[in-house]
1. Just to be sure before I move on: is A:Met18 at pLDDT 90 or above and within 7 Å of another protein chain (Cβ to nearest Cβ) in the structure I sent?
2. Given the criteria at pLDDT below 75 and of a type in the set (Asp, Glu), does A:Asp150 qualify?
3. Before we move on, is B:Asp87 among the acidic types (Asp, Glu), touching a helix residue (DSSP H, G or I) at 6+ places or on another chain (Cβ under 8 Å) and modelled with pLDDT under 55?
4. Of all residues in the stretch A:174-197, how many are part of a loop (DSSP other than H, G, I, E, B) and modelled with pLDDT under 75?
5. What's the number of the only condition in (1) in a helix (DSSP H, G or I); (2) assigned by TED's automatic domain parsing to the domain that holds B:Ala131; (3) at pLDDT below 90 that B:Gln94 fails to meet?
6. Being within 7 Å of chain A (Cβ to nearest Cβ) and either surrounded by 18 or more Cβ atoms within 10 Å (Cβ to Cβ) or not in a helix (DSSP H, G or I) (or both) is the filter here, so list the residues in the stretch B:1-13 that pass it.
7. Hey, among B:Ala41, B:Ala49, which residue is over 15 Å from A:Ala74 (Cα atoms), without any contact (Cβ under 8 Å) to a residue 12 or more places away in the chain and not assigned by TED's automatic domain parsing to the domain that holds B:Ser108?
8. Among the residues of the stretch B:53-73, is there at least one that is within 24 Å of A:Phe79 (Cβ to Cβ), in a loop (DSSP other than H, G, I, E, B) and within 13 Å of chain A (Cβ to nearest Cβ)?
Amino acid sequence: MMATSKKMRQQEPSEIEMLLPWHAAGTLNARDARRVDEALARDAALARQYAVIREEYAETILLNESLGAPSARAMQKLFRAIDAEPAGRPSASFNFFAWIAGFFASLSPRTLAWSASLGALALLLQAGVIGAVLMKNQAATYQAASLSTDEPTTRAPGPEAPPRALVRFAPEARVGDITALLDNYQASIIGGAKGGLFRLQFGNKPMTEDEVSSLISKLQNENSVSLAVPTP
Amino acid sequence: MQVLYGRHHVRVFRFGLRLVRDEQVAEDLISEVFLDVWRQAGKFEGRSAVSTWLLAITRYKALSALRRRRDAELDNEAADAIEDTSDDPEVAVQKKDTSEALRKCLTSLSPEHREIVDLVYYHEKSVEEVAEVVGIPENTVKTRLFYARKKLAELLKATGIERGWP
C-alpha cells in the first residue's frame, strides 16, 4: 500500500515541471519564471523536458497558423446581423474603453515589446496625418465662414444631426477619466480609433455654430483630451 | 466593432476550428461570438483580457455546436470530432519526421487536451486565464496540460518517435 502510494507520488509531476509550458510561452510572472530558470539550471532531466516542450510549443504555433483565416462571408454575416439589431443596443461607451484596456492587457510581454517599436513609428505617421486633417479642416472652416452670412446658424451636416468631433485622448488619460468625460458631455463614441482619433457624438440634438465652438473649446481644455476638432 | 473584429477574428476562428473541425461551422461560430459580444458589451467589466473573454465565448459556442451536431447526426464523422482518435497517427504518419508527426498528433488529441494546448502555446494564456476560459481550477489547468503532453508523447511513441520524455 505504502509502496503504491510512493510510486504514485513519484509519477505526479512537480509544481515546477507543470509550469514549464507557460515558461516556454513566456506567460509566467517574474517570480515563477525565476523559479523555473533556477530549476532548469540545476536539473538536466527537467532541461531535457523543457527542450521537448519548446518543440511542442513551436509546432502548435505552426499548426494553428496553417489553419488560415475565415472568409469574408463570416464578417458579412456578422455585420448584417448587427445592422438588423435594434438601434442603440451597445449601451455603455465605458465598455468600449474597457475593451481597449483589455486589448493592451491581453498582449504578451513579447508582443508589447514589438508593439512599442511599432508604436513609435506610428506616432510619427500620426503626426503627419493629424497635421493634414487640421489643415483640411481649417480650409473648410474658412470657406464656410465666408459663405455663411445669410445662412441659418445651424451647423452642417444636417438640421437634425447632433454635433460630432474627432478627439484624441491624452496618453496619460485613464479609462475612468475618459468615462467621466463621456458622461459629462453626454457623448458617445461612434467611430475610431483610426490614427488614435475617436469620432464622438454629443447628445442627441443639433447645436448652433456658437454652441459647437464653445463645446469644442471646452473639450480642448480638458486634461484628458489632447486634440478635439469638429467633424461632420 | 470593426476594430475588435479585425484584431481578434482570426484567432477566434482558429480556436473554434480546432474545436469543431469544420470550417463552415467555425465561420458561423465567429459571427455568433462577435454578435454576442455586440449584444453583451454591457456585461464586460474589463476584469479579464478581451481575448480571454472572446475565447471563453467561442469555447462555449463551439461545444454547443458540437452537441447540436452530435444530437443531429450521431454518425462516425461527428463522433470523430468529439472523440480521441489516438491511433490515427500510427496509421497516417509513416515518416520519422518529428515536426510533421507532432502536428499530426496535436490534431489527434482529445478536444479537452487540444484546447488546453492551444490556449497555452498558441493563444499565450496564463494559468489564470486558461482557468477562466475553460471554467476549471488553476491546479486542474496545470495537471490537464501535463497529461495532454503525456498523451502527445504516447501518440508520438506509437508512430515510432521517442523524444526522451517522459
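1. Values: at pLDDT 90 or above: yes; within 7 Å of another protein chain (Cβ to nearest Cβ): yes.
Criteria met by A:Met18.
2. Numbers: at pLDDT below 75: yes; of a type in the set (Asp, Glu): yes.
Against the criterion (at pLDDT below 75 and of a type in the set (Asp, Glu)), A:Asp150 qualifies.
3. Working: among the acidic types (Asp, Glu): yes; touching a helix residue (DSSP H, G or I) at 6+ places or on another chain (Cβ under 8 Å): yes; modelled with pLDDT under 55: yes.
Criteria met by B:Asp87.
4. Here is the first cut: in the stretch A:174-197, the ones part of a loop (DSSP other than H, G, I, E, B) are A:174, A:185-186, A:195-196.
Among the residues that remain, those that are also modelled with pLDDT under 75 are: A:174, A:195-196.
Qualifying residue count, the stretch A:174-197: 3.
5. Exception for B:Gln94: condition (1).
6. Scanning the stretch B:1-13 gives B:Met1, B:Leu4, B:Tyr5, B:His9, B:Phe13.
7. Numbers: B:Ala49 fails: without any contact (Cβ under 8 Å) to a residue 12 or more places away in the chain.
Result of the check over B:Ala41, B:Ala49: B:Ala41.
8. Initial filter on the stretch B:53-73 (within 24 Å of A:Phe79 (Cβ to Cβ)): B:53-62, B:64-65.
In the following step, the residues that additionally are in a loop (DSSP other than H, G, I, E, B) were identified as none.
Scanning the stretch B:53-73, I find no residue that is within 24 Å of A:Phe79 (Cβ to Cβ), in a loop (DSSP other than H, G, I, E, B) and within 13 Å of chain A (Cβ to nearest Cβ), so the answer is no.
The values are calculated or read from the model by the stated rules, or taken from the named source; none is laboratory data. Predicted, not measured: the structure shown is a model, and the values here were computed from it. We place every Cβ from the backbone using ideal geometry, glycine too, and count neighbours over all the protein chains shown.
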